[in-house]
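Participant: Encoded as structure tokens, here's the structure I'll be asking about.
The values are calculated or read from the model by the stated rules, or taken from the named source; none is laboratory data. Everything numeric here is computed off the predicted structure, so don't read it as measured data. Heads up, the Cβs are rebuilt from the backbone with ideal geometry, glycines too, and the neighbour counts pull from every protein chain shown. Ligands, DNA and RNA are excluded from the accessible area calculation, which covers all protein heavy atoms including side chains. Shrake-Rupley method; radii C 1.70, N 1.55, O 1.52, S 1.80 Å.
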Amino acid sequence: MRLFLFIMRLVCVCILFCFLLSFTIKSEEQLIKNINQINIDNQNKFIEKTKIFEICDSDINSQKDINLIENQIKNHPQIKDAQVYIQHNGDIDINLKERIPLVRVFDNKNSYYLDTDCKPMQLSSQYTSSNLIVNGDIVFFNENEICNLYHHIKSNPFLESLVAQIYLQKQNIILITRFKDLEINIGNLDNLEIKLDNLLAFYEKIIKFKGWNYYTSVNLKYYDQIICTKK
């Protein structure tokens, strides 16, 4: 009789353990199934929705771990912000904002982006963004100075279409144009607006008639004059 009771108890314990185990597995599967939608704002193709599912699938044990889900997503280097919501029916909605790169920086052997907050942003194996290239003596310039120069160029459609690359030197910043063998030296970042205005005036009064191919370089280092080198 005692042996029978022992066996019955053992069977009941095994059944209970299997039930709890199956419930846990189903709960984890249900979490992923309950992700109703993933909205990605300003998507730049740096991250796919399938990657978000993978992030949510790691180390999450219940639908109550909303903060854990958000933190895991925010830790992704291409994500700027994330909000995770549970609907009344248990479905999960995820809203994301991708980081947006402004410029591509080449610093010796390293390469990275500066994003819209002017913060370094690592490259992605998923996608490569086409941005203005910045290289040279990066050590002499901080991120805000680089972004400020970018915004000055970006704010004018003519300059944006003209400049393909920024080569940084301590006292001789070179704007490399889309025209072969034509470089524009703006010196340092002092009086930047005046220098760029002089460049626009130079284009309107001279380049429109002679063409860019007439010169090999334009020097705006001294903000009150323009020095050109003919071919």
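Participant: Given Cα pairs under 8 Å that are at least 6 residues apart, what percent is the relative contact order of segment 174-231?
Facilitator: Numbers: 82 pairs, mean separation 21.8, N = 58.
Across segment 174-231, relative contact order equals 38 percent.
Participant: Additional query: At 1.4 Å probe size, with every protein chain present, just tell me what the per residue accessible area of segment 167-231 comes to in Å².
Facilitator: Details: 3940 Å² over 65 residues.
Counting only protein heavy atoms, the per-residue value for segment 167-231 is 61 Å².
Participant: If I take every Cα pair under 8 Å that is 6 or more residues apart in segment 71-164, average their sequence separation and divide by the length, what percent do I get for the relative contact order?
Facilitator: Numbers: 118 pairs, mean separation 18.6, N = 94.
For segment 71-164, the relative contact order is 20 percent.
Participant: Give, as a single signed number, the net charge of other residues whose beta carbon lies under 11 Å from the beta carbon of LYS195, with Lys and Arg counted +1 and Asp and Glu -1. Please report the intermediate quantities before stating the final value.
Facilitator: Values: positive: LYS221; negative: ASP190, GLU193, ASP197, ASP224.
Charge balance near LYS195 sits at -3.
Participant: Oh, and also: Sort 184-193, 197-206 by the packing proxy (mean of other Cβ within 10 Å over each peptide's residues), most packed first. The partial results should precede the final answer.
Facilitator: On the way: 184-193: 16.8, 197-206: 14.6.
Top of the packing list down: 184-193, 197-206.
Participant: Take the solvent-accessible surface of the protein heavy atoms, probe 1.4 Å, and return the percent of it on segment 78-125 that carbon and sulfur atoms account for.
Facilitator: Values: 1070 of 2500 Å².
Roughly 43 percent of what the probe reaches on segment 78-125 is carbon or sulfur.
Participant: Tell me, what is the percent relative contact order of segment 121-201, built from C-alpha pairs under 8 Å that lie six or more residues apart?
Facilitator: Values: 81 pairs, mean separation 17.9, N = 81.
About 22 percent, as a whole number.
Participant: Under the rule a/c < 1.5 gives rounded, and otherwise a/b versus b/c splits prolate from oblate, where does segment 128-203 land using the Cα gyration tensor? Show your work: numbers first, answer last.
Facilitator: Details: a/c = 1.36, a/b = 1.13, b/c = 1.20.
Judged from the Cα gyration tensor, segment 128-203 comes out rounded (a/c under 1.5).
Participant: Further question: Let me spell out the model: positive unit charges on the Cβ of Lys and Arg, negative unit charges on the Cβ of Asp and Glu, origin at the Cα centre of segment 135-231. What dipole size does that give, in debye rounded to 20?
Facilitator: Details: 11 positive and 11 negative charges, 112 e Å.
Dipole size: approximately 540 debye.
Participant: Give the carbon-plus-sulfur fraction of the accessible surface of segment 145-231 in %, rounded to a whole number; probe 1.4 Å, heavy atoms of protein chains only. Show your work: numbers first, answer last.
Facilitator: Numbers: 2360 of 4880 Å².
Carbon with sulfur: 48 percent of the solvent-accessible area.
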